[in-house]
Amino acid sequence: MTEDAERQARLAWFEQTCSNLHERLSPLTEGKPASYIPELATVDPDRFAIAAVTTDGEHIQVGDHGDAFTIQSISKLLLYGLALETHGREHVLERVGVAPTGDSFNAIVLDDEMNRAPNPMVNAGAIAVTDLVVGDGLDERVEEVRSMYERYLGRRPEIDRAVWESERATGNRNRAIAYLMLSRGIIRDRVEETLDLYFAQCSVLVTADDLATIGATIANHGVHPETGEQVVRSEVTRDLLTVALTCGMYDYAGEWAFSVGIPAKSGVGGGIVGILPGVGGLAVFSPRLDGHGNSVRGLRVFEELSQEFEMHLFHPDRPWRRAD
Ligand code: GLN
């Protein structure tokens, strides 16, 4: 078989495995969609998609891969990249560390010793990172974030206004975190505007296929596999992959690194994106969540695919890795 035929055969095998998994896990109805943001509870809990995009732009799509949902915490990864690009590591590290917390994503916890948020993948860190988005006033800053998304998605994203409004109306815990950070001098005194921006970036609508494309872009040294655009600098992708692996799944990050071993980020909208450096992005969407705020079916899909295709980053053979 030629190298290309072999690749196609492997992709077909992968697609078939995803389809089988989708069928087998569809009856799994454990967990519940997030309801602390009231609008998120209105989602159809049965929706289920698996998507993958390779660094050379091949798409694999199973189930409801075209259905839109809000990106939620997966935005934290992209915003962290934007902050690193705009301000550099040192400036960002003064405000947000890189230590996994072992606490829930919305814990009201700061790194007291360093006077900064613990890491950018939990709400405190993400709000501190959002504070760093440049622009004069909310509209300009929303535009800055939107155009970042546009580079990742290859199209202008929509914001789910109902979810945005719902978060704004009920996000008092995030407000508490933000005002605590203001009182410690970690963020600037425009808290309501920054929170509004944070809620907006969480309310951006994506599909599983979009998430897989985002993953493939980060996996591809920051170059979008289809548009060819350098979306985020290559050296920044290293930092994104590191915090995704250590903190991306909140207080489940350790177990995830052990059993799945793929840098990943989840969101309470039900999405999870995994990034296989040099190979591609893998995404699952299923809104029923476990107690950590991670998609129940999503975890199962990643666990099983990682096993079957030996995707763990530290797997001795890593057969999917191309020689580069
Ligand atoms: N917008 C959500 C919040 O702030 C994001 C949380 C998440 O996806 N884990 O609570």
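Bear in mind these aren't lab numbers, they're just calculated from the coordinates by the rules spelled out. Worth saying up front: this structure is predicted, and the values here are computed from it rather than measured. Reconstructed Cβ throughout: ideal geometry from the backbone, glycine too, with neighbour counts over all protein chains shown.
Listed by first and then second residue, the pairs linking a residue in the stretch 168-184 that is under 20 Å from residue 119 (Cβ atoms) to a residue that is assigned to a helix (DSSP H, G or I) and basic (Lys, Arg), with Cβ atoms under 9 Å apart and 6 or more places separating them unless they lie on different chains, are 181/95. In this structure, is residue 254 within 23 Å of residue 59 (Cα to Cα) and either aromatic (Phe, Trp, Tyr) or over 14 Å from the mean Cα position of the chain (by Cα) (or both)? In short, no.
Take residue 152 and tell me if it is away from the ligand (no atom under 16 Å from the Cβ), buried (at least 19 other Cβ atoms within 10 Å of the Cβ), among the hydroxyl-bearing types (Ser, Thr, Tyr) and within 25 Å of residue 124 (Cα to Cα). So residue 152 fits the description; yes.
Within the set 231, 268, the sole residue that is over 17 Å from residue 220 (Cα atoms) and within 18 Å of the chain's Cα centre (by Cα) turns out to be 268.
Looking at the stretch 33-51, which of the residues that are under 18 Å from residue 167 (Cα atoms) and in contact (Cβ under 8 Å) with a residue 60 or more places away in the chain is surrounded by the most Cβ atoms within 10 Å (Cβ to Cβ)? Applying the filter and picking the extreme gives 40. Selection within the stretch 167-176: residues that are within 9 Å of the ligand (Cβ to nearest atom) and surrounded by 14 or more Cβ atoms within 10 Å (Cβ to Cβ). The member of this set that is nearest to residue 202 (Cα to Cα) is 167.
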